[in-house]
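J.: Before anything else, here's the structure in question.
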Amino acid sequence: MNKYINYFDLLADYDNSKKPTYKELITTYEWKTLRDSIVKRDGNKCSNCNSIASIWNGSFYIRKPTNEEQKASFIKHSLLIKDNSFFTPKFAVIAGVKDDSPTILHVHHPYYILNFLPWEYPSEDLITVCHSCHTDIHNSSVVPTYVDVSRKELVKLTPCESVMEQAI
Ligand SMILES: [Zn+2]
Ligand SMILES: [Zn+2]
């Protein structure tokens, strides 16, 4: 999975003429720490469509089984019980199934402030959304960028072209 770097180590790779890109900034521990706290606060699910985050098990994403899948597994295992007393129904409960269209959560900035680092925004202004909802948000609207924290004057540029690349 992703490797995170601390911000000052990232800066060490740059001279004064160049700055880290937004895409690089969101690979930092600083961002990951804030991002994880926002996702936790939002219940590990998309605030827009309520999809729960899929879990990376080291090889693939897994998700909670649906009631149907749980029932199907229960029935399959229940049939085994008839032939083999070793199985009991409680072993039939499955914890997770492979997720072929995983829900990946992102943390979205509803606005930007010029020269702010991604983790310098107040937590209450950030929101957890799934990749799909996040794509819709960015496709259907332009996130405003303000000159400063007063959020009165807009800047005409997008520091966050690559926001969709947010790592989980
Ligand atoms: Zn969503
Ligand atoms: Zn966003």
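No value in this document is a laboratory result; all are computed from the given coordinates. All figures in this text were calculated on a predicted structure; none of them were measured in a lab. In this analysis, Cβ positions are derived from the backbone assuming ideal geometry, glycine residues included, and neighbour counts consider all displayed protein chains.
J.: Taking R0 as 45 Å, what's the FRET efficiency between Ile94 and Glu124 from their Cβ-Cβ distance, rounded to 0.05?
T.: With a Förster radius of 45 Å, E is 0.75.
J.: To continue, here is another question. Using the Karplus curve 6.51 cos²θ - 1.76 cosθ + 1.60 with θ = phi - 60°, what ³J(HN,Hα) values do you get for each residue of the stretch 121-127, in whole Hz, with x for Gly and Pro?
T.: Coupling constants for the stretch 121-127: 8, x, 3, 5, 8, 9, 9 Hz.
J.: Could you give the nm distance between label points at Thr21 and Arg41, where each point is 7 Å from its Cα heading toward the beta carbon?
T.: Here the modelled spin labels are 2.9 nm apart.
J.: In sequence order, what are the phi-derived ³J(HN,Hα) couplings for the stretch 132-147 according to the Karplus relation 6.51 cos²θ - 1.76 cosθ + 1.60 with θ = phi - 60°, rounded to whole Hz, with x for glycine and proline?
T.: Values, residue by residue: 5, 5, 4, 4, 4, 4, 6, 7, 9, 8, 9, 6, x, 10, 9, 5 Hz.
J.: Go through Lys3/Lys71; Lys23/Lys45; Lys3/Lys98; Lys3/Lys64; Lys3/Lys45; Lys19/Lys40 and tell me which ones have a Cα-Cα distance over 28 Å in this structure. Each step should come with its number before you reach the end.
T.: Values: Lys3/Lys71 39 Å; Lys23/Lys45 23 Å; Lys3/Lys98 24 Å; Lys3/Lys64 26 Å; Lys3/Lys45 23 Å; Lys19/Lys40 30 Å.
Listed pairs above 28 Å: Lys3/Lys71; Lys19/Lys40.
J.: Can I ask one more? What are the trypsin sites (Lys or Arg not before Pro) within the stretch 1-55 that DSSP puts in a loop, where the Cβ has at most 15 other Cβ atoms within 10 Å?
T.: Hits after loop and neighbour filter: Lys3, Lys18.
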